[in-house]
């Protein structure tokens with residue numbers, strides 16, 4: 001399947017317009033634990049001017065503002081921008097494109113993106129834009145979901161679909177390359193001109209009552225995974241949920257599951273020269 005950036009953009013945009021209404025009560029609980037390490041990676045501090053790219057409902061920007069930063073957000077989904085504005089009226093949130101940021105060069109001391117960069121058709125171009133809008137010495141950091149081998153929630157779903165459904169059923173547009181390993185992120189940061197780069201796996205747990213709740217959250221609050229789940233035959237989906245329930249039981253603590261999740265946290269600094 002050939003890579004078509006505009007097809008990826010249209011697919012992702014349509015999906016996030018749909019997911020905005022339910023994101024807060026579903027998938028946000030998976031992404032929230034990674035906000036604190038993301039902000040720490042750019043040296044969050046009072047007075048720091050920070051841009052949160054692909055901000056969704058604005059949680060990372062709001063957390064930065066609560067630490068005294070002058071935080072702004074940007075997202076390409078008008079529905080997400082409206083939600084962010086309603087939830088965090090103290091933060092300026094702009095509708096715009098991560099590959100063409102509507103800000104002058106050197107405008108920010110930090111740029112972050114919490115699970116947004118891998119939804120951009122060309123993450124390398126977005127990182128070049130991060131560097132452009134950073135002041136010399138400014139820092140950028142982003143999280144992306146780690147590969148299923150490191151990321152139990154994803155491996156539970158993918159393995160169950162492989163056993164009972166069709167991993168190729170969604171027929172979604174091909175993404176702009178693999179972007180779920182530390183080496184992927186290091187390479188992209190280096191190509192965008194960042195110095196002092198690093199990337200590491202960061203781990204958390206996602207509390208859920210059962211497999212049905214996992215499937216429901218992924219269906220309501222994601223795009224590419226939601227398309228894969230929706231493409232399964234109803235009879236196969238019943239088997240998929242039962243398979244996940246059996247496999248996830250080892251993560252049960254009392255009345256709920258604590259499913260391990262993992263992200264790559266990558267960072268870099270714009271050279272001062």
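So here's what we get for this one:
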{"quantity": "Nearest 10 degrees, 0 to 90: helix 234-248 Cα axis against the chain principal axis", "calculated": "80"}
{"quantity": "Helix-derived mean residue ellipticity, 222 nm - over the chain, DSSP H n ≥ 4, -39500 (n - 2.57), to 500", "calculated": "-12500 deg cm²/dmol"}
{"quantity": "Distance between modelled label sites at residue 82 and residue 272, nm, 7 Å Cα→Cβ extension", "calculated": "4.6"}
{"quantity": "Computed E for residue 90/residue 205 - FRET, C-beta separation, R0 35 angstrom, nearest 0.05", "calculated": "0.70"}
{"quantity": "Rounded FRET efficiency, nearest 0.05, which uses the C-beta distance separating residue 212 from residue 149 and R0 of 22 Å", "calculated": "0.35"}
{"quantity": "Sites residue 45 and residue 24 - FRET efficiency at Förster radius 45 Å, r taken between beta-carbons, to 0.05", "calculated": "0.95"}
{"quantity": "Packing-based exposure ordering (other Cβ within 10 Å, fewest first) of 181, 270", "calculated": "181, 270"}
{"quantity": "Inter-label distance for residue 239 and residue 178, nm, one decimal - labels placed 7 Å from Cα along Cα-to-Cβ", "calculated": "2.9"}
{"quantity": "Whether the stretch 32-134 is rounded, prolate or oblate, judged on the alpha carbon gyration tensor where a/c under 1.5 counts as rounded", "calculated": "rounded"}
{"quantity": "Degrees separating the helix 123-133 axis from the principal Cα axis of the chain, which is the longest one", "calculated": "30"}
{"quantity": "Computed lengthening from residue 6 to residue 135, 0.36 nm per intervening residue step minus Cα-Cα distance", "calculated": "43.4 nm"}
{"quantity": "Span from the the stretch 74-98 Cα centroid across to the the stretch 252-273 one, whole angstrom", "calculated": "23"}
{"quantity": "Alpha carbon convex hull of the stretch 5-269, volume per residue in cubic angstrom", "calculated": "115"}
{"quantity": "Fewest-first sequence of 92, 31 by Cβ atoms within 10 Å of each Cβ", "calculated": "92, 31"}
{"quantity": "Gaussian network model of the chain, Cα within-10 Å springs - most flexible of 134, 51, 237", "calculated": "237"}
{"quantity": "Stretchable slack from residue 162 to residue 256, in nm (0.36 nm times residue separation minus alpha-carbon distance)", "calculated": "31.3 nm"}
{"quantity": "For the chain, built as a Gaussian network whose Cα springs stay under 10 Å, the top-fluctuating residue of 127, 101, 218", "calculated": "101"}
{"quantity": "Of 211, 131, 170, the one that fluctuates the most in a GNM where the chain has Cα springs shorter than 10 Å", "calculated": "170"}
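Only the coordinates and a few stated rules stand behind these numbers; no lab work does. None of the values given here were measured: they were computed from a predicted structure. With ideal geometry, Cβ positions are generated from the backbone for all residues, glycine too; neighbour counts draw on all protein chains shown.
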